[in-house]
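The structure under discussion appears below in the form of structure tokens.
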Amino acid sequence: MVVLSADLTESTRTLEFSKRYPERFVEAGVAEQNMAGMAAGLAMEGKIPFVSSFAVFSPGRNWDQIRVSICYSNANVKIAGSHTGLTTGGDGATHQALEDIAMTRCLPNMVVLAPCDSVETKKATLAAARHSGPVYIRFARDKTPVVTTEATPFEIGKASVFREGSHATIIACGTMVYLALEAAEALAEAGFSVRVVNNPSIKPLDVDVIVAAAKETGAIVTCEEHQVCGGLGGAVAEAVSTRFPVPMEIVGIGDIFGESGEPQELWRKYGLTVERVAGAVRAVIERKGS
Amino acid sequence: MTISDLEALELEATANMLRRDIIRMLVSAGSGHAGGPLGMAEVFTALYFRVMRHDPENPDWAERDRLVLSNGHICAVRYAAMARSGYFPVDELLTYRKIDSRLQGHPHNLSLPGLENTGGPLGQGLSQAIGRCLAARMDDKRYRVFCAMSDGEHDEGQTWEALMFAGNHKLRNLTTLLDRNNIQIDGHTEDVFPLEPLRAKYEAVKWHVIEIDGHNIRQIVEACEEAKAVYEKPTAIICHTVPGKGVDYMENEPEWHGKAPSAEMGERALEQLRTEGERIRKEIAKLRGL
């Protein structure tokens with residue numbers, strides 16, 4: 001295993017690896033395109049390179065290198081994109097990756113993972129290392145509530161039901177899983193039984209769990225800290241609309257850039273709230289009956 | 001290590017054969033790039049038939065020298081050199097750019113054993129070559145990494161990221177062969193996006209530079225030998241070439257960068273190349289005292 005960092009060794013926490021294994025650490029400098037290409041070359045010689053940077057830079061800035069040198073070559077490279085979502089906070093819109101799922105999940109050969117907490121992130125990282133082929137892992141910057149345990153199963157291509165329910169299903173990934181559980185709790189108090197699915201494997205997608213949710217609950221809301229365009233919601237809609245169409249709502253960022261602010265303030269301003277998710281669930285349940 | 005007059009002539013005959021293969025491939029495909037492949041015929045001849053340690057029967061041989069082709073659009077010359085050195089049947093060259101062919105219009109590593117890399121979008125090859133050099137360094141491997149590049153791709157920022165990285169890391173197992181043919185699609189490089197002083201730029205980023213006549217087999221071989229002897233730096237061999245070399249109506253014409261000749265024009269090209277081949281054969285016979 002080799003780790004490459006683009007001048008963000010401290011922020012991405014690859015510093016520890018660089019200290020412990022300096023001979024297998026590559027400081028690429030602020031040069032993400034070269035970093036991705038070098039990783040492809042390392043992979044072709046049998047290494048398992050992890051390239052690490054903010055997601056706005058990698059896969060943001062080196063998408064063509066990821067597409068051709070890594071994905072088309074099916075090079076065994078892992079792309080770790082940190083500081084995703086509005087929770088990047090004060091750095092503002094330039095540094096808040098809200099498009100990374102869209103730009104990676106459209107690439108053939110690529111696996112896309114968005115774990116929901118630190119425990120699952122560790123599992124996703126190990127699973128990525130064991131998987132043969134390109135993987136993108138999406139990391140959040142802010143402290144995120146821990147909702148899984150060591151015993152929670154994690155497998156590439158699998159989603160899991162975190163809360164049972166029959167009136168509708170919320171399918172969420174990353175930082176939104178906790179919010180989805182809160183929304184389900186709030187809805188329970190209002191008499192609605194809502195299933196919550198944690199969907200860390202955006203590609204390959206667990207079509208079975210999603211189609212089962214459509215069949216058994218008849219309505220789906222997706223929830224992600226990412227643009228509505230091309231994200232988890234799109235992936236779920238592709239599965240639902242072709243296998244078992246049911247009313248759907250997609251909660252995410254509405255085709256707009258973020259701004260500086262505290263994470264919670266930004267979630268409020270840009271509509272990533274329990275109320276918004278709960279409202280979307282009520283809306284799909286209503287449409288289901290009409 | 002110098003090479004005998006006879007060996008130089010025999011390699012010239014091989015380069016002439018590759019040129020005729022290239023013309024036939026382009027005519028058969030009805031599209032493709034003429035200028036670059038014809039201009040690099042001697043360089044690819046020297047690499048495949050004299051300089052590189054490789055085994056066409058065993059394309060994944062761990063100790064082989066690696067050749068990364070960065071400006072993938074000149075792949076016709078690489079395909080011709082590979083077929084003529086025994087990687088695949090010569091007849092297969094005529095499938096170039098056609099459906100179901102292993103010979104893609106821009107090279108794809110997974111399509112053809114021995115191809116080493118995927119390339120097309122300019123500037124991506126050198127980074128991959130560097131990754132392979134880093135892996136050799138980590139594993140204490142002795143293979144050398146060659147990278148064929150174009151002058152036009154020095155417009156790309158990634159090329160300079162990679163050049164600076166290789167210079168800073170003193171990658172002595174890396175040798176590039178730069179096709180300095182002075183043309184790109186929109187015209188002459190010094191009109192479109194001037195690169196000079198190119199040698200000084202390379203030296204400023206800590207490369208050893210050798211400038212040669214890229215059509216002189218002996219100079220190519222000797223430059224590669226010199227590169228092997230340079231221990232503290234990567235080496236760039238700036239190969240001054242004539243794009244379209246060997247076909248009078250293509251030589252130095254930017255319009256022939258990305259075009260294939262018609263059957264009739266192709267026949268004219270083949271006639272000129274056959275005449276040149278005849279001349280080389282006569283010289284060889286004279287040297288042998290036949």
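Some points to look at:
- The helices (runs of 4 or more DSSP H) falling completely within region B:147-207 that include 3 or more residues that are in contact with a Ser or Thr (Cβ under 9 Å, 6 or more places away or on another chain), modelled with pLDDT of 95 or more and crowded, with 22+ Cβ neighbours inside 10 Å map to B:157-168.
- Pair list, Cβ < 6 Å and 6+ apart or interchain, from region A:242-269 residues that are assigned to a helix (DSSP H, G or I) to residues that are surrounded by 14 or more Cβ atoms within 10 Å (Cβ to Cβ): A:Arg243/A:Val211; A:Pro263/A:Thr87; A:Pro263/A:Gly89; A:Pro263/A:Asp142; A:Leu266/A:Leu86
- If only residues of region B:127-146 that are surrounded by fewer than 22 Cβ atoms within 10 Å (Cβ to Cβ) and without any contact (Cβ under 8 Å) to a residue 40 or more places away in the chain are counted, the one that is farthest from A:Phe57 (Cα to Cα) is B:Asp140.
- Boolean, B:Ala260 is open to solvent by less than 40 Å² (accessible area, probe 1.4 Å), more than 30 Å from B:Cys133 (Cβ to Cβ), assigned to a loop (DSSP other than H, G, I, E, B) and in contact with a helix residue (DSSP H, G or I) (Cβ under 6 Å, 6 or more places away or on another chain): yes
- Condition broken by A:Ala31, with the remaining ones in (1) without any contact (Cβ under 8 Å) to a residue 60 or more places away in the chain; (2) more than 7 Å from chain B (Cβ to nearest Cβ) satisfied: (2)
- Residues that are outside any loop (DSSP other than H, G, I, E, B) and more than 9 Å from chain A (Cβ to nearest Cβ) were ranked within region B:85-126; the one that is most open to solvent (accessible area, probe 1.4 Å) is B:Asp91.
- Taken over region A:205-236, the criterion of being in contact with a strand residue (DSSP E or B) (Cβ under 7 Å, 6 or more places away or on another chain), open to solvent by 30 Å² or more (accessible area, probe 1.4 Å) and more than 21 Å from A:Gln96 (Cβ to Cβ) is satisfied by A:Val209 alone.
- Yes/no for B:Asp21 being without any contact (Cβ under 8 Å) to a residue 24 or more places away in the chain and in a helix (DSSP H, G or I): no
- All positions within region B:127-140 that are facing another protein chain (nearest Cβ under 8 Å) and either more than 17 Å from A:Gln65 (Cα to Cα) or outside any helix (DSSP H, G or I) (or both): B:Cys133, B:Leu134, B:Ala135, B:Ala136, B:Met138, B:Asp139
- Verdict on B:Ala76 being touching a Pro at 6+ places or on another chain (Cβ under 7 Å), closer than 26 Å to B:Ala227 by Cβ and in a helix (DSSP H, G or I): yes
- Answer residue from region A:140-156, given it is of a type in the set (Asp, Glu) and open to solvent by 80 Å² or more (accessible area, probe 1.4 Å) and is farthest from A:Glu265 (Cα to Cα) among those: A:Glu155
- Evaluated against (1) in contact (Cβ under 8 Å) with a residue 40 or more places away in the chain; (2) within 25 Å of B:Glu161 (Cβ to Cβ); (3) touching a Phe, Trp or Tyr at 6+ places or on another chain (Cβ under 8 Å), B:Val209 falls short on exactly one condition, (1).
- B:Arg50 in contact with a His (Cβ under 8 Å, 6 or more places away or on another chain) and of a type outside the set (Ser, Thr, Tyr): no
- Some residue of region A:118-139 being under 30 Å from B:Leu112 (Cβ atoms), in a strand (DSSP E or B), open to solvent by less than 30 Å² (accessible area, probe 1.4 Å) and not assigned by TED's automatic domain parsing to the domain that holds A:Val211: yes
This table checks each residue for (1) small (Gly, Ala, Ser); (2) on the phi < 0 side of the Ramachandran plot.
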site	(1), (2)
B:Met164	no, yes
B:Lys170	no, no
B:Leu178	no, yes
B:Gly187	yes, no
B:Pro194	no, yes
B:Val205	no, yes
B:Ile212	no, yes
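- A:Asp100 being among the acidic types (Asp, Glu) and either open to solvent by less than 10 Å² (accessible area, probe 1.4 Å) or in contact (Cβ under 8 Å) with a residue 40 or more places away in the chain (or both): yes
- Applying the condition of being part of a loop (DSSP other than H, G, I, E, B) and open to solvent by 30 Å² or more (accessible area, probe 1.4 Å) to region A:57-71 and asking which residue is farthest from the other protein chains (Cβ to nearest Cβ) yields A:Gly60.
- Cross-chain or 6+ apart pairs with Cβ under 6 Å, region A:179-198 first and farther than 14 Å from A:Cys223 by Cβ, then surrounded by fewer than 24 Cβ atoms within 10 Å (Cβ to Cβ): A:Phe192/A:His167; A:Ser193/A:Gly165; A:Ser193/A:Ser166; A:Ser193/A:His167
- Region A:72-86: number of residues that are open to solvent by less than 10 Å² (accessible area, probe 1.4 Å) and in a loop (DSSP other than H, G, I, E, B): 4
- Residue in region A:43-56 that is nearest to the other protein chains (Cβ to nearest Cβ), counting only those that are open to solvent by 40 Å² or more (accessible area, probe 1.4 Å) and part of a loop (DSSP other than H, G, I, E, B): A:Gly46
- Residue among A:Gly157, A:Gly234, A:Gly191 that alone is farther than 24 Å from A:Phe139 by Cα and either assigned to a strand (DSSP E or B) or among the small types (Gly, Ala, Ser) (or both): A:Gly191
- Contacts under 9 angstrom Cβ, first residue in region A:272-283 being touching a residue at least 60 places away in the same chain (Cβ under 8 Å) and basic (Lys, Arg), partner open to solvent by 10 Å² or more (accessible area, probe 1.4 Å) and outside any helix (DSSP H, G or I), 6 or more apart: A:Arg282/A:Ala190; A:Arg282/A:Phe192
- Scanning region A:21-42 for residues that are assigned to a helix (DSSP H, G or I) and touching an Asp or Glu at 6+ places or on another chain (Cβ under 7 Å) returns A:Gln33, A:Asn34.
The values are calculated or read from the model by the stated rules, or taken from the named source; none is laboratory data. Every value quoted in this text rests on a predicted model; they were computed, and no experiment measured them. So basically every Cβ, Gly included, is an ideal-geometry build from the backbone, and we count neighbours across all protein chains shown. Just the protein is used for accessible areas: all its heavy atoms, side chains included, with ligands, DNA and RNA removed. Shrake-Rupley method; radii C 1.70, N 1.55, O 1.52, S 1.80 Å.
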